[in-house]
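Notes follow once the structure below has been shown.
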Amino acid sequence: MFPAIENQVFLAVGLAAIATYSLRLGGLLLASRFPKSGRFRKGMDALPGALLFSLVVPTIVTEGLWGVLATILTAAVVLRSHNTLVAMLVGMLVIYVARQFKL
């Protein structure tokens, strides 16, 4: 239909794929040069949790008291049952009910 736009879309998707692959490959190549122990290693080990925390906390705060309740229930379910899917569903259900009934 619009050949110029289709070409731009394919180019954009191709460049995004190359960029993603390059970043992943670069990370793998650099990882072998990082120290295997010490403070740097401890910091790198803590990074995934810190990133997840930084993404989740603003959403919890935005939802207010119901967000805190959903978080507590999610944590309790996952600690008790060791089932992450069920825990996430419980948290989502709390937020869904709070939003539906405008609590």
So how much slack lies between residue 93 and residue 8, counting 0.36 nm per residue of separation and subtracting their Cα-Cα distance, in nm? 26.5 nm
Show me the ranking of peptides 38-45, 60-67, 71-78 by mean Cβ neighbours inside 10 Å, starting with the highest. 71-78, 60-67, 38-45
Radius of gyration and Dmax over the Cα atoms of the range 47-103, both given in Å: 11.7, 37
In order over the range 96-103: 3J(HN,Hα) from phi, Karplus 6.51/-1.76/1.60, θ = phi - 60°, whole Hz, x for each Gly or Pro, gives 4, 4, 4, 6, 5, 9, 6, 7
Note on the chain: contact order normalised by length, alpha-carbon pairs under 8 Å, 6 or more apart, percent, works out to 15
Report P(r) for the chain: all Cα-Cα distances, bin width 5 Å, range 0 to the bin holding the largest distance, values in whole percent. 2, 10, 10, 12, 11, 8, 12, 15, 11, 5, 2, 0
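Every number in this text was worked out from the coordinates using simple rules, so none of it is lab data. All of these numbers come straight from a predicted model, not from anything done at the bench. Virtual Cβ from ideal backbone geometry, glycine too; neighbours counted across all protein chains shown.
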